[in-house]
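Undergrad: One structure, pasted below without further comment.
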Amino acid sequence: MLLAAKWVLPVSQESIEDGAVVVSGDKIEAVGKRKELERNYPEEEVKDFGQAVLMPGFVDAHAHLEYSVFRGLCDDLSFTHWKMQVTKKSKKLTAKNWFSSAELGALEAIRSGITCIADTTDTGASLKASRQAGLRGIIFHEVMGMDNSRVGRIISEAKKNVSSWQAEAEGTNLEIGISPYSVYTVSPPLFKAVSDWAKEDNLTVCFHLAGSPDEYEFVKYGSSPLATSFLEQMGWNDLLWQPTGVSPVKYVEQWDALESGKVIVVHCIQVSDADIDILKKYDVSVVHCPKCSAKLGMGVAPLGKFLYRDLKVGMGMDSPASNNTMDMFDEMRIGLLLQRGLEEKVEGLSAENFIKLATLGGAQALRIDSEVGSLEKDKKADLIAVDVSHTHQNPVCDPCSALVYTANQEDVIFTMVGGRVLYEGGEYLTLDKERIIATTKPVRAKLKG
Ligand SMILES: [Zn+2]
C-alpha cells in the first residue's frame, strides 16, 4: 500500500512535501517523494489523503484507559481532593464496568491518532480493551500497599496476575510491566520488592513521582492532606507515616526504586537540579503530562532542564478523569505554551520539538524506539494521517506549525498500527463505537449518584 499526502513528517528527518510512505505487511518499506515511490512501487495501491500530514502515530506515554468514564466528573478540584473523589467513586464499579470504561478510552485513542499507549491499570481492563482495539504498548500492573507486613503477599498476587496477563498479551503488540503506583500508596519495602522483581524478570517499571506539592510535603515533612485525609480514606491511618526529610526523587532512590534498569516516572514537577541528576544517573525516563498537571494545580515540570540533561522524555495524557480528553494536539499546544510562559523564552521550544516528544520521544521513554516513533524503513507501520485542510488551518506553510497550533483530535482521519488500519474516515475497524458509548452510559449514571 502506498500512502500519499501533501506532507510526510517522518520526525527523524525533515518533512517531505508531496510525500508518500510504502507499507508492506506490518512494516514501513519506504519513505520519500510520492513521484519517486510511485515509480519504484508501480504495483502498490495508492491511498491519497490530500491536504493532510502523514506522520508517526502518537505515543501516549502515560494513560489510565479504565478511568475514561470519569470524564468531567471530578473537575475543578486540587490534586489530593481529586484523587480522593476518584478513589471514593471507583468503589462503585464492577469488573465489567471497568472494561466498558477502558473500551471508551481505547475508542478515543484510536480516533485521536494514538497508536501506542503506556497504561497503568489495577483491573487489567485496559489490557483487554487495548488488545481488542489493536493498540501497541505496555500495560503496567498496578501494585499498592502501605502496610509493610503485607509486601510478600502483594508481590506474590501481582506475580500471578502478571503471568496471566503476559499469556493474554501473547501474539499482540502489547507487553506487561509493573507499576508501584506512587509514594503515597506504596511502602518503601514494597518499592524495593518491585524493583528486585523487575530486575530479575527484565520488566519495565512505571510510577507517578514528584507530582503535586502535597506529595512533596507528604514525603519530606510527613504532612499535607495526603498524610491525613487520604491515608485515612485508604484505611492506612493506623500505620506510622513519618517525615523523611528528602525530596520524593531522593526518597525513592534510597529504596532502590530507580535501579531496575527500565524505569519510567510520571509528572516530575517537584524536582530540583539534584533530583534531575539522580534521574539522569539511573537513566530514568520522564513522562511529561502538562495539561493534567496544570489542571490539578500540580505545577509545571521543568521540561527544558530534562531536555538539556538529555533525559528520555515522552508526553502523557494521564486519563480523562483528570485531563478530560486524550488529545495529543491539545497536550502539545498547552505544553509548549506553558513552557514558554514559564521560561520566558521561545528557543528550544518549537512546534517541531513537541511533535518529536509526542512520537519518537515517547518511544524512547518506553525504550521501543528501534521499532516505532518515526517513519523509517523497517520500523513498524504505526502511522496516522491528519487533515489540515479546514478553514482554520488554511493556508498551511509548515506542517509542524499546522499540527501544534491549529489541529485537534477530530482532524485525525487515519490510524494504522503495525500495518493494520484501526480507524479511517469516521469508521472504526476494530471497535463498535455505538455499542461502547451505549454501554458506558449506565456506568456513568452509577458514578454520578
Ligand atoms: Zn497517572
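Undergrad: Could you run through the range 289-308 and say how many residues are more than 22 Å from Phe218 (Cβ to Cβ) and either assigned to a loop (DSSP other than H, G, I, E, B) or open to solvent by less than 50 Å² (accessible area, probe 1.4 Å) (or both)?
TA: 5
Undergrad: Give me the residue from the range 418-449 that is under 23 Å from the mean Cα position of the chain (by Cα) and of a type in the set (Val, Ile, Thr) and, out of that set, farthest from Val69 (Cα to Cα).
TA: Val421
Undergrad: Oh, and also: Looking at (1) under 15 Å from Ala106 (Cα atoms); (2) of a type in the set (Asp, Glu); (3) under 21 Å from the mean Cα position of the chain (by Cα), which one does Asp411 not meet, given that it meets all the others?
TA: (1)
Undergrad: Give just the number: which of (1) more than 16 Å from the ligand (Cβ to nearest atom); (2) more than 22 Å from Phe218 (Cα to Cα); (3) not in a helix (DSSP H, G or I) does Ala363 not satisfy?
TA: Evaluating Ala363 over (1) more than 16 Å from the ligand (Cβ to nearest atom); (2) more than 22 Å from Phe218 (Cα to Cα); (3) not in a helix (DSSP H, G or I) leaves (3) as the failure.
Undergrad: Of the residues that sit in the range 198-228 and are within 15 Å of Ala158 (Cα to Cα) and of a type in the set (A, V, I, L, M), which one is surrounded by the most Cβ atoms within 10 Å (Cβ to Cβ)?
TA: Val205
Undergrad: Out of all the residues in the range 63-74, which are over 20 Å from the mean Cα position of the chain (by Cα) and either open to solvent by 10 Å² or more (accessible area, probe 1.4 Å) or more than 16 Å from the ligand (Cβ to nearest atom) (or both)?
TA: Hit for the range 63-74 is Leu73, nothing else.
Condition check ((1) modelled with pLDDT of 95 or more; (2) part of a loop (DSSP other than H, G, I, E, B); (3) under 22 Å from Ile117 (Cα atoms)) across all residues:
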| residue | (1), (2), (3) |
| --- | --- |
| Val246 | yes, yes, no |
| Asp256 | yes, yes, no |
| Val266 | yes, no, yes |
| Ile269 | yes, yes, yes |
| Asp275 | yes, no, no |
| Leu279 | yes, no, no |
| Val287 | yes, no, yes |
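Undergrad: Shifting gears a bit: Against the definition (part of a helix (DSSP H, G or I), open to solvent by less than 40 Å² (accessible area, probe 1.4 Å), in the same structural domain as Trp82 (by TED's automatic domain parsing) and in contact (Cβ under 8 Å) with a residue 24 or more places away in the chain), how does Ser195 come out, yes or no?
TA: yes
The values are calculated or read from the model by the stated rules, or taken from the named source; none is laboratory data. All of these numbers come straight from a predicted model, not from anything done at the bench. Reconstructed Cβ throughout: ideal geometry from the backbone, glycine too, with neighbour counts over all protein chains shown. Ligands, DNA and RNA are stripped out before the accessible areas are found, and what is left, the full protein with its side chains, is counted by its heavy atoms. Shrake-Rupley method; radii C 1.70, N 1.55, O 1.52, S 1.80 Å.
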